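Right, one structure below, let's go through it.
The values are calculated or read from the model by the stated rules, or taken from the named source; none is laboratory data. If you're wondering where the values come from, they're calculated on a predicted model, not measured in any experiment. Glycine also receives a Cβ, built like all others from the backbone with ideal geometry; neighbour counts cover every protein chain displayed.
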Amino acid sequence: MSIWNKLSGEFIDVIEWTDDSSNTLVYRFERHGNEIKNGAQLTVREGQAAVFVDEGQLADVFEPGRYALTTSNLPILSTLRGWKHGFESPFKAEVYFVSTRRFTDQKWGTKNPVMLRDPEFGAVRLRAFGTYSYRVDDPAQFLREIVGTDGHFSTSEISHQLRNMIVSRFTDALAESQLAALDLAANYDELGDFVHEKIAPEFDEYGIGLTKLLVENISLPSEVEKALDKRTSMGVIGDLGAYTQYQAAQSMEKAADNPDGGASSGMGMGMGFAMANQIGQSMQQQGQQQSGGPPPPPSSGPAVYIAVQGETTGPFNAAQLKQKLQDGALDRATMVWMEGMDEWAPAGEVDALQALFKSTPPPPPPA
């Protein structure tokens, strides 16, 4: 046995990748001159795939397992090399290990607020964020479309592209749903499933499978949220008048506990109680109107315009018209106009003014 054969038997080539990182997608196995010995041992662990590239052309893909690299285990590479009788000397090939495990807790979110027309609030701006998970389903496709010749490809190199795709499709889905902002929380799962179904084919083009997409939160701007909190607080308080009176009573009790508070404290308490009383009366009046309380005072009559020497005067209400009738500035022949009339007409021919003339006494008899 020659010295070379002895050394070849002792130094068996072992090709493997023990991944100790949490974000590596592709790792290129480094070998001086890319030379792999005949009979080399290839170990592919669970969650990995090994891709052989020969002179820039993708040759073979190995699933998890242990392989002795011979011509029988390299059918495509053997065809490319033209080995008809096997090979005894080292051959050159690049080996890329692709992680096929699931990468979880990947973040996505809108960089800028999404402008939408809300059925309750009108035009609103919404922000949304969540998480997604994916894995490489087709190592050969992923190597061709994304990785290229990168010897160490991590999740950060593709996360921006995937995030932009998700945000774009989510924004479109949110606008098409036409859901009210207050109803979005009840539809997070439906929105996530809809976007997942819509965007999965685009991930497949990269050789990536989108395994899960979650919507964690959709929020309004902080100013709108503050206004909404105030509105909610008013609903919780209920009768604002009774609550205000209660607050005033609490203030009076505190003032009674502090008799030496001075005139300024008493004045402040008195002003607060007076204000509370006014607010309570206002709320009571509003409550009576909303609950069918006493009706508002009757209207003072129609607004009438009078033509005087070719000029329009008025409008005048019923009391003013009666006074003009008594002063002689208005009679049945006076031209008048009011809303609903097509043109000017004598006051005596307007039905709405007939009661005015009947209620006016005739001129007194001569002395």
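Looking at Leu69, Leu74 in this structure, which one is closer than 13 Å to Glu16 by Cα, surrounded by 17 or more Cβ atoms within 10 Å (Cβ to Cβ) and modelled with pLDDT under 90?
Within the list Leu69, Leu74, the selection yields Leu69.
What number of residues in segment 140-186 are farther than 26 Å from Asn217 by Cα and in contact with a Ser or Thr (Cβ under 6 Å, 6 or more places away or on another chain)?
The number of residues fulfilling the criteria is 1.
Just checking, does segment 228-235 include any residue being surrounded by 12 or more Cβ atoms within 10 Å (Cβ to Cβ), outside any helix (DSSP H, G or I) and either at pLDDT below 70 or out of contact with any Asp or Glu (no Cβ under 9 Å at 6 or more places or on another chain) (or both)?
No, the conditions are met nowhere in segment 228-235.
Can you name the condition, by its number, that Pro302 falls short on among (1) touching a strand residue (DSSP E or B) at 6+ places or on another chain (Cβ under 7 Å); (2) at pLDDT 80 or above; (3) not hydroxyl-bearing (Ser, Thr, Tyr)?
Evaluating Pro302 over (1) touching a strand residue (DSSP E or B) at 6+ places or on another chain (Cβ under 7 Å); (2) at pLDDT 80 or above; (3) not hydroxyl-bearing (Ser, Thr, Tyr) leaves (2) as the failure.
Taking only segment 178-199 into account, find how many residues are assigned to a helix (DSSP H, G or I) and either outside the structural domain of Ala123 (by TED's automatic domain parsing) or aliphatic (A, V, I, L, M) (or both).
Looking only at that region, the number is 8.
State which residue is farthest from the chain's Cα centre (by Cα) when the search covers only segment 159-171 and only residues that are surrounded by 13 or more Cβ atoms within 10 Å (Cβ to Cβ) and not small (Gly, Ala, Ser).
Step by step, filter segment 159-171, then rank; the result is Leu162.
Of all residues in segment 128-142, count the ones that are polar (S, T, N, Q), within 29 Å of the chain's Cα centre (by Cα) and within 15 Å of Ile158 (Cβ to Cβ).
Qualifying residue count, segment 128-142: 1.
How many residues are modelled with pLDDT under 85 and either of a type outside the set (Lys, Arg) or in contact with a Leu (Cβ under 9 Å, 6 or more places away or on another chain) (or both) if we restrict to segment 22-57?
14
Quickly run through segment 304-358 and pick out the residues that are among the acidic types (Asp, Glu) and touching a residue at least 24 places away in the same chain (Cβ under 8 Å).
Glu339
Pairs needed: first member in segment 46-61, without any contact (Cβ under 8 Å) to a residue 24 or more places away in the chain; second member anywhere, aromatic (Phe, Trp, Tyr) and assigned to a strand (DSSP E or B); C-beta distance under 7 Å; at least 6 residues apart or different chains.
Taking only residues 6 or more apart or on different chains, the pairs are Asp60/Phe52.
For residues in segment 200-227 being in a loop (DSSP other than H, G, I, E, B) and surrounded by 12 or more Cβ atoms within 10 Å (Cβ to Cβ), which is modelled with the lowest pLDDT?
Of everything passing the filter in segment 200-227, Pro221 is modelled with the lowest pLDDT.
Can you list the strands (runs of 3 or more DSSP E) lying wholly within segment 107-160 that have 1 or more residues being in contact (Cβ under 8 Å) with a residue 40 or more places away in the chain and acidic (Asp, Glu)?
Once the strands (runs of 3 or more DSSP E) in segment 107-160 are filtered for at least 1 residues that are in contact (Cβ under 8 Å) with a residue 40 or more places away in the chain and acidic (Asp, Glu), what remains is 114-118.
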